[in-house]
Every structure is written in C-alpha cells, then in structure tokens.
Amino acid sequence: MAAPSLRAAAYPERAVRIVVPFAAGAGTDAMGRLIAQQLSAQMQAPFVVENRTGASGAVGAQAVARSLADGHTLLLAAAPFTTVPAVLPTAGYDPLADFDPVGMWATGPLVWAVGAQVPARTLGEFIELARKRPGYYNYGSAGVGGVNHLALEMLKARTRTFITHIPYRGISQAVSDTLGGQIHVLTGTVPALAPMIRDGRLRALAVTGPRRTPVLPEVPTMAEAGLPDFVVLNYFALVAPRGTPSTIRERLNREMGQAAQAAEVKARLAADGLDPAVDTPQALAAFLAQDLAMWRDVVKRQNLSVEAL
C-alpha cells in the first residue's frame, strides 16, 4: 500500500519534460519556460521545455498522450488543446480520455479590436455594421481551429451575422494586415494587442473575460458590451498522460500553487493580463470538460467542417 507514496517521494527521478506544442518564442512557450524555471528551483530537479510543433498543437499533444505515464513527461495545455479536437475529429487525441489533469496555471481574456479604418467605436456598432453588409467585413485569426477562429464563430452564432473568416499561420500577420487595412477585426491576447491599442493603431471593442482586465481597464467585457454569458478564456495548464499516478500529479499541483505565489511570477502574469488560477486537478478536469463542450456546441451550431489543419 505504501508504493504510490514512496514513488511520489522519490519523484522526479530524472529530468521532467514539459512539452510545449508551439514554437519557441511564442506566448505559450514563455509560460512553459516560466513554469519549468519555478518548478526546477522549488523541486531541485531539472524541468526542461521541449517544443513539438505542428497542427495547431495536435502534434505535441499526441506525443505526450503516447508517453510513459510516470510524471516525467507533461504537456503545457493552452486553448487549442480543447478547440482543435472540437473542430477536427481526426486531431489524434482526446483531451479528456487521453490525459490526466495536473493543474491550471493561469487564465486570461482575448480582446476584440478593429483597425482604424472601421467606423465602429463599440462592439454593438460593429455588429450593426456587419448585419447591414453580410460578408463584407472580415476577421483575421491565427488559423483554422484555434481559439481566435472559434471565438468568431461564437460571435456569429450569437449575433446572426456573417463575417468572413481569413485564417493566417499565426496571429502576427493577421495583426499586420489589420493595421494595414486589409483586415477589419480580430481577437488576440491582451499582451499581443495592448501596445497597438494604447497608441491608437487598433481600437479595442471588448474583452472576453468575466471582468475587465487591469491592463486595459477602459475596455468593457462582452457582457457590458451587450453579449452576456460570452466568456472565452485563454488558459495555460499542465496535463499528464492518462494513468499518471495521482500522488505525483497532486505533488506537482502543490508545487504549482507555491510557484504561483512568487512575487516575480505574479508580476509577470499581471503584465500579460493573466490571472493566477492554480486549483485542484479535479477543478482543471471540470474546466477542460466545460471548455470542450462549449466549443463542440459552437462547431455544431455553425456546421463547421474541417478536414485538416
């Protein structure tokens, strides 16, 4: 009976890989490295980031799902972890069946913004423009199946508008084309868009969190803008291959909670418009199930069909 606790006490026995399913230098990569740095210092063991890119995060998720379930391989899960399998049945992994939750790290909203050429000053005004000219206004996303894409589909479903989706390979080119006038509206993370909102090159319409963000305190929530119950959170969490001992996951969860209290971590998350959100593995499991169900409902309502990313 003592074997699981003894195993957890000895953990980790070697370097722990945190697989980040996106390229080095991206926001998700930065969060992965922040977690790895904190856990390495606290647990006196190496936590290293391994970037496994491809298919909007599906390649990295598949690799972790097939890894040994001993706590030495973890996945940094972000919003595409649930959006991609919602829109693509052949994603190659099930976020609920193939993984065990370790813990949430942080959550943050997206921000809706328009280019200077768009006359709308509020989200309501933009929706009215879109209703008057179906298909004329376009939206730039970071790619098919990502949270940006599905946030648009949710807006279209809720407002009965037709806005043309223009997918890019990453959000930076979508931002560039919005600044250049080729794209009318987009969503992005707060740190990605805040500098251009502050200097007037983009106009913020709303944030998708349940409350306003201190980084852009003047920007209303979706509820304040007239769309209650429209909450979309970008998130960062750790999950492990299914079958990873609960004693190991619970220890990692406690260590994450301690790391989130560090002053430098709080400052970093606040600067990025993120809220520390470490909770129990069970709470993370409930969040992922709810998020996946929400996106599957959007996909069904919008009759989306995606064969590949």
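Can you tell which of Ala206, Ala192, Ala237 is assigned to a helix (DSSP H, G or I) and within 20 Å of the chain's Cα centre (by Cα)? Walk me through how you get there before you give the answer.
On the way: Ala206 fails: assigned to a helix (DSSP H, G or I); Ala237 fails: assigned to a helix (DSSP H, G or I).
Going through Ala206, Ala192, Ala237 in turn, just one is assigned to a helix (DSSP H, G or I) and within 20 Å of the chain's Cα centre (by Cα): Ala192.
In segment 237-286, what residues are among the polar types (S, T, N, Q), more than 13 Å from Trp105 (Cα to Cα) and open to solvent by 10 Å² or more (accessible area, probe 1.4 Å)?
The first filter runs over segment 237-286 and keeps only residues among the polar types (S, T, N, Q), leaving 244, 246-247, 253, 258, 261, 280, 282.
With the extra rule that they be more than 13 Å from Trp105 (Cα to Cα), the set shrinks to 244, 246-247, 282.
Ser246, Thr247, Gln282, listed by residue number.
I'm told Gly103 meets every condition in (1) assigned to a loop (DSSP other than H, G, I, E, B); (2) surrounded by 21 or more Cβ atoms within 10 Å (Cβ to Cβ); (3) in contact with an Asp or Glu (Cβ under 8 Å, 6 or more places away or on another chain) except one. Can you identify the failing condition by its number?
Just one mismatch for Gly103, condition (1).
Got at least one residue in segment 223-232 being outside any helix (DSSP H, G or I), surrounded by fewer than 20 Cβ atoms within 10 Å (Cβ to Cβ) and under 14 Å from the mean Cα position of the chain (by Cα)?
The answer is yes, given that some residue of segment 223-232 is outside any helix (DSSP H, G or I), surrounded by fewer than 20 Cβ atoms within 10 Å (Cβ to Cβ) and under 14 Å from the mean Cα position of the chain (by Cα).
Scan segment 273-285 for residues that are under 12 Å from Ala237 (Cβ atoms) and in a helix (DSSP H, G or I) and jot them down.
Pro281, Ala283, Leu284, Ala285
Being over 30 Å from Gly71 (Cβ atoms), modelled with pLDDT of 95 or more, of a type in the set (D, E, K, R) and crowded, with 16+ Cβ neighbours inside 10 Å: is that true of Arg198 here?
Details: over 30 Å from Gly71 (Cβ atoms): yes; modelled with pLDDT of 95 or more: yes; of a type in the set (D, E, K, R): yes; crowded, with 16+ Cβ neighbours inside 10 Å: no.
Against the criterion (over 30 Å from Gly71 (Cβ atoms), modelled with pLDDT of 95 or more, of a type in the set (D, E, K, R) and crowded, with 16+ Cβ neighbours inside 10 Å), Arg198 does not qualify.
Can you tell me which residue within segment 106-128, out of those that are out of contact with any Phe, Trp or Tyr (no Cβ under 7 Å at 6 or more places or on another chain) and in a helix (DSSP H, G or I), is farthest from Ala192 (Cα to Cα)?
Of everything passing the filter in segment 106-128, Glu128 is farthest from Ala192 (Cα to Cα).
With respect to Ala41, is the statement that it is part of a helix (DSSP H, G or I), among the aliphatic types (A, V, I, L, M), open to solvent by less than 20 Å² (accessible area, probe 1.4 Å) and farther than 27 Å from Thr213 by Cα true?
Numbers: part of a helix (DSSP H, G or I): yes; among the aliphatic types (A, V, I, L, M): yes; open to solvent by less than 20 Å² (accessible area, probe 1.4 Å): no; farther than 27 Å from Thr213 by Cα: yes.
The answer is no for Ala41.
Between residues in segment 229-250 that are over 12 Å from Gly103 (Cα atoms) and residues that are assigned to a strand (DSSP E or B), which pairs lie under 6 Å by C-beta distance while being six or more apart or on different chains?
Close Cβ pairs (under 6 Å, with a partner that is assigned to a strand (DSSP E or B)) amount to Val232/Leu110; Leu233/Thr107; Asn234/Gly108; Asn234/Thr189; Arg242/Phe99; Arg242/Asp100; Thr244/Asp100.
What about Asp272, is it farther than 19 Å from Thr28 by Cα and among the acidic types (Asp, Glu)? Please lay out each step first, then the result.
Numbers: farther than 19 Å from Thr28 by Cα: no; among the acidic types (Asp, Glu): yes.
Judged against the criteria, Asp272 is not a match.
On the given criteria, is Gly243 part of a loop (DSSP other than H, G, I, E, B), among the small types (Gly, Ala, Ser) and at negative phi?
Working: part of a loop (DSSP other than H, G, I, E, B): yes; among the small types (Gly, Ala, Ser): yes; at negative phi: no.
No: the conditions fail for Gly243.
When you check Val118 against the structure, is it under 17 Å from the mean Cα position of the chain (by Cα) and either modelled with pLDDT of 95 or more or open to solvent by 20 Å² or more (accessible area, probe 1.4 Å) (or both), yes or no? Please lay out each step first, then the result.
Numbers: under 17 Å from the mean Cα position of the chain (by Cα): no; either modelled with pLDDT of 95 or more or open to solvent by 20 Å² or more (accessible area, probe 1.4 Å) (or both): yes.
Here the answer is no, as Val118 does not meet what is asked.
I'd like the residue in segment 64-83 that is within 17 Å of the chain's Cα centre (by Cα) and among the hydrophobic types (A, V, I, L, M, F, W, C) and, out of all such residues, is surrounded by the most Cβ atoms within 10 Å (Cβ to Cβ).
First, the residues of segment 64-83 that are within 17 Å of the chain's Cα centre (by Cα): 74-83.
Checking the rest, the ones that are also among the hydrophobic types (A, V, I, L, M, F, W, C) come to 74-79, 81.
Details: Leu74: 27, Leu75: 31, Leu76: 26, Ala77: 29, Ala78: 24, Ala79: 24, Phe81: 28.
The qualifying residue surrounded by the most Cβ atoms within 10 Å (Cβ to Cβ) is Leu75.
For a quick check of your reading of the model, give me the residue pairs whose first member lies in segment 261-279 and is within 21 Å of Ala192 (Cβ to Cβ), whose second is open to solvent by 70 Å² or more (accessible area, probe 1.4 Å) and in a helix (DSSP H, G or I), with beta-carbon atoms closer than 7 Å and at least 6 apart or on different chains.
Between residues of segment 261-279 that are within 21 Å of Ala192 (Cβ to Cβ) and residues that are open to solvent by 70 Å² or more (accessible area, probe 1.4 Å) and in a helix (DSSP H, G or I), the close pairs are Pro276/Lys266.
Quick check: is even one residue across segment 129-140 over 22 Å from Glu218 (Cβ atoms), touching a residue at least 12 places away in the same chain (Cβ under 8 Å), assigned to a loop (DSSP other than H, G, I, E, B) and touching a Pro at 6+ places or on another chain (Cβ under 6 Å)?
The answer is no, given that none of the residues of segment 129-140 is over 22 Å from Glu218 (Cβ atoms), touching a residue at least 12 places away in the same chain (Cβ under 8 Å), assigned to a loop (DSSP other than H, G, I, E, B) and touching a Pro at 6+ places or on another chain (Cβ under 6 Å).
Looking for whichever is assigned to a helix (DSSP H, G or I), over 30 Å from Arg201 (Cβ atoms) and open to solvent by 10 Å² or more (accessible area, probe 1.4 Å) here; the options are Ala61, Ala36, Ala86. Which one fits? Talk me through it step by step, then tell me what you get.
Details: Ala61 fails: open to solvent by 10 Å² or more (accessible area, probe 1.4 Å); Ala36 fails: open to solvent by 10 Å² or more (accessible area, probe 1.4 Å).
Result of the check over Ala61, Ala36, Ala86: Ala86.
Picking from Ala225, Ala308, which residue would you name as being more than 19 Å from Asp29 (Cβ to Cβ) and at pLDDT below 95?
Working: Ala225 fails: at pLDDT below 95.
It is Ala308.
The values are calculated or read from the model by the stated rules, or taken from the named source; none is laboratory data. All values derive from a computational prediction rather than experimental measurement. Glycine also receives a Cβ, built like all others from the backbone with ideal geometry; neighbour counts cover every protein chain displayed. SASA here: full protein model, heavy atoms, side chains in, ligands and nucleic acids out. Shrake-Rupley method; radii C 1.70, N 1.55, O 1.52, S 1.80 Å.
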